[in-house]
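Peer 1: Let me begin by handing over the structure; questions about it come next.
The values are calculated or read from the model by the stated rules, or taken from the named source; none is laboratory data. Values in this document were obtained by computation on a predicted structure and should not be read as measured data. We place every Cβ from the backbone using ideal geometry, glycine too, and count neighbours over all the protein chains shown.
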Amino acid sequence: MPIIAVPKERAAGERRIALVPEVAKKLAAKGMELHIEKGMGDSAFFANTDYKEVTIQTDNASLCSNAEVVLKVQPPTVEEVGQLKEGSILISFMNAHKNLDMVKALCEKKITALAMELVPRISRAQSIDALSSQASIAGYKAVLMAADRAPVFFPMLTTAAGTIRPSKVLIIGAGVAGLQAIATARRLGAMVEAYDVRAATKEQCESLGAKFIDMDIKAEGQGGYARELTEDEKQQQRDILAKHIAAANVVITTAAIPGRPSPKIIMKNMVEGMKAGSIIIDIAAEGGGNCELTQPGDTIEHHGVVIHAPLNVASQMPVHASEMYSKNLFNLLSLLIDEGRITLNWDDEVIAGSTLTHDGEIKHAATRELIEGGQA
C-alpha cells in the first residue's frame, strides 16, 4: 500500500496545510496509507484527532524517508529534499526560479517533483489549478485590506449629515484574483473600474459590475497570460491609466506571471498624481509588485498615498485556503492512483506539464535553461 506523507510547513508565516481531514478520508478510500507529522494541521485549525485512518508521527525525517509521495505547500529546503526517499514523488509549489539549489538537490535524489504552479491552464485541469484557487482568496482579501486602510466608506450612504458618495476602486489585472476583487468591491458598494491588457477579459469584468477601461492594446499570450508589452505600448498604457488612477480612492493591482517579475504598471509620478489618503494594495508583490515604489512585504507612504504590498496573502485565510489547495492536490493525485498503486502516465499532458524534475533530469525547460546558463 503506497504511503503518502505530509510534514508540517516550516516556512515563516505559512499557515496553510497540504492535507485536510476530508481529503485524507478520500485518499484512504482509494487505498493510500497516510502518515502525517504530529501537529501538521494546527496552523489551519485542524487537530490531530480530526484525522481518521491516519498514522501520526513525531519524527519528520523518518516520515518523509519512508513515503512514496510527499505533499507540501511551500517549496522544500535543500535539507528537506535530503530527507526524501530516493525516487519518490514530491508535490507542492516549487517556485523553481527562486530555488535553483533545491532543483539540483531534487535531481540528485532522482525525485519526481510535480510543481503546482506548472499545472497546465486547460479546461481539464481547472480542478487542479492551485494558482487559481489561491488567487481567488488573495483577490478577496485585497479588497478587505483596502477597505480597512481607506479613510473613506466604500458604499454610498445616506445619513443625517448628508449623502456620502461611494468610493472609486480601480482593479488592475483581471485574472482570477482581479475578478474576485471586482466582485468583492462591488459587494461592498464601491464604484469599480477594471483594466487588463487582455481585451478578452472585458466581458468578464463587466458581468461583475465593473466599468472596463478600453485601450487599443491587445496582448493575449499563451497559457491564459498576457504577452510582454512593447515600450510604446507600456507608455500608452501608463498615459491612459494615470487619469483613472488619479481619480481612484483605491487601486488594487494583481498582474502577475509565475516565474517572471511582475510588470511595472504604476510609476512614481502616477502615485504622486493620486489624492492624499488613497490606497494601493499590490498583491503582485511576490514578483516585485506592479507599482514602481512597492516594497514587497512592507507598507509605505509616499506623498500621502499608502502602498501596501502583502506576501502570501492566501495564508491569511488558512482554513479555506487549505481546503481548496488540498482538493487541488487530491484531483492531481487521482490522475496518479490506479487501483491502489501510484503510476505516472507521461502521455497525460497534466502530469507531463506539471513535472519539474524526474529521474535526475530537469523537465521544465525554463528552469533547465536557468541552471545551465548559471553553470556556463
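Peer 1: Within segment 201-222, take every residue that is in a helix (DSSP H, G or I) and either at pLDDT 95 or above or not basic (Lys, Arg) (or both) and give me the one that is farthest from ILE240 (Cα to Cα).
Peer 2: GLN222
Peer 1: Just checking, which of ALA146, ALA113, ALA135, ALA125 is of a type in the set (A, V, I, L, M), touching a Gly at 6+ places or on another chain (Cβ under 7 Å) and either over 30 Å from TRP346 (Cβ atoms) or not in a loop (DSSP other than H, G, I, E, B) (or both)?
Peer 2: The unique qualifying residue is ALA135.
Peer 1: Mind listing whichever residues of segment 182-199 are in contact with a Lys or Arg (Cβ under 9 Å, 6 or more places away or on another chain) and not β-branched (Val, Ile, Thr)?
Peer 2: Within segment 182-199, ALA190, MET191, GLU193, ALA194, ASP196, ARG198, ALA199 qualify.
Peer 1: Show the residue pairs that are 6+ apart or on different chains and have beta-carbon atoms under 8 Å apart, the first residue being within segment 340-364 and farther than 15 Å from LEU118 by Cβ, the second being of a type in the set (Asp, Glu) and assigned to a loop (DSSP other than H, G, I, E, B).
Peer 2: Partner pairs satisfying both residue conditions: ILE342/GLU68.
Peer 1: Taking VAL81 as the residue in question, decide whether it is buried (at least 21 other Cβ atoms within 10 Å of the Cβ), among the β-branched types (Val, Ile, Thr), in the same structural domain as LEU333 (by TED's automatic domain parsing) and within 23 Å of LYS327 (Cβ to Cβ).
Peer 2: Numbers: buried (at least 21 other Cβ atoms within 10 Å of the Cβ): yes; among the β-branched types (Val, Ile, Thr): yes; in the same structural domain as LEU333 (by TED's automatic domain parsing): yes; within 23 Å of LYS327 (Cβ to Cβ): no.
For VAL81, the condition - buried (at least 21 other Cβ atoms within 10 Å of the Cβ), among the β-branched types (Val, Ile, Thr), in the same structural domain as LEU333 (by TED's automatic domain parsing) and within 23 Å of LYS327 (Cβ to Cβ) - is not met.
Peer 1: Residues to consider are HIS358, HIS364, HIS308; find the one that is crowded, with 19+ Cβ neighbours inside 10 Å and over 20 Å from the mean Cα position of the chain (by Cα).
Peer 2: Going through HIS358, HIS364, HIS308 in turn, just one is crowded, with 19+ Cβ neighbours inside 10 Å and over 20 Å from the mean Cα position of the chain (by Cα): HIS358.
Peer 1: Give segment 38-51 a look and list any residue that's in a loop (DSSP other than H, G, I, E, B) and farther than 12 Å from VAL23 by Cβ, or say none.
Peer 2: Residues satisfying the conditions are LYS38, GLY39, MET40, PHE45, ALA47.
Peer 1: Could you tell me which of the residues ASN66, ASN48 is free of Cβ contacts under 8 Å to residues at least 24 places away in the same chain and either outside the structural domain of ASN328 (by TED's automatic domain parsing) or out of contact with any helix residue (DSSP H, G or I) (no Cβ under 7 Å at 6 or more places or on another chain) (or both)?
Peer 2: On the way: ASN66 fails: free of Cβ contacts under 8 Å to residues at least 24 places away in the same chain.
Of ASN66, ASN48, the one residue that is free of Cβ contacts under 8 Å to residues at least 24 places away in the same chain and either outside the structural domain of ASN328 (by TED's automatic domain parsing) or out of contact with any helix residue (DSSP H, G or I) (no Cβ under 7 Å at 6 or more places or on another chain) (or both) is ASN48.
Peer 1: Further, regarding this structure: Are any residues in segment 170-200 among the hydrophobic types (A, V, I, L, M, F, W, C), more than 16 Å from SER262 (Cβ to Cβ) and not in a helix (DSSP H, G or I), and if so, which ones? Please lay out each step first, then the result.
Peer 2: Of all residues in segment 170-200, those among the hydrophobic types (A, V, I, L, M, F, W, C) come to 170-172, 174, 176-177, 179, 181-183, 185, 188, 190-192, 194, 197, 199-200.
From what's left, more than 16 Å from SER262 (Cβ to Cβ): 170, 179, 182-183, 185, 188, 190-192, 194, 199-200.
Those that are among the hydrophobic types (A, V, I, L, M, F, W, C), more than 16 Å from SER262 (Cβ to Cβ) and not in a helix (DSSP H, G or I): LEU170, LEU188, ALA190, MET191, VAL192, ALA194.
Peer 1: Okay, next question. Output the qualifying pairs, or none if there are none: Cβ atoms under 6 angstrom, residues six or more apart or on different chains, first residue in segment 172-198 and under 21 Å from PHE153 (Cβ atoms), second residue among the aromatic types (Phe, Trp, Tyr) and assigned to a loop (DSSP other than H, G, I, E, B).
Peer 2: Note: pairs meeting the criteria are LEU188/PHE154; GLY189/PHE154; ALA190/PHE154.
Peer 1: Considering only residues of segment 257-303 that are in a loop (DSSP other than H, G, I, E, B), modelled with pLDDT of 95 or more and β-branched (Val, Ile, Thr), which is farthest from VAL197 (Cα to Cα)?
Peer 2: Ranking the qualifying residues of segment 257-303, first place goes to THR294.
Peer 1: Looking at VAL73, VAL103, can you tell me which residue is in contact with a helix residue (DSSP H, G or I) (Cβ under 8 Å, 6 or more places away or on another chain), part of a loop (DSSP other than H, G, I, E, B) and either under 20 Å from THR367 (Cα atoms) or modelled with pLDDT of 95 or more (or both)?
Peer 2: Answer to the check: VAL73.
Peer 1: Would you mind stating whether ALA284 is assigned by TED's automatic domain parsing to the domain that holds GLY41 and in contact (Cβ under 8 Å) with a residue 60 or more places away in the chain?
Peer 2: So ALA284 does not fit the description; no.
Peer 1: Go over the candidates ALA146, ALA142, ALA181, ALA177 one by one and state the one that is assigned by TED's automatic domain parsing to the domain that holds GLY304, buried (at least 21 other Cβ atoms within 10 Å of the Cβ) and closer than 20 Å to LEU118 by Cα.
Peer 2: None of the others qualify; the one that does is ALA177.
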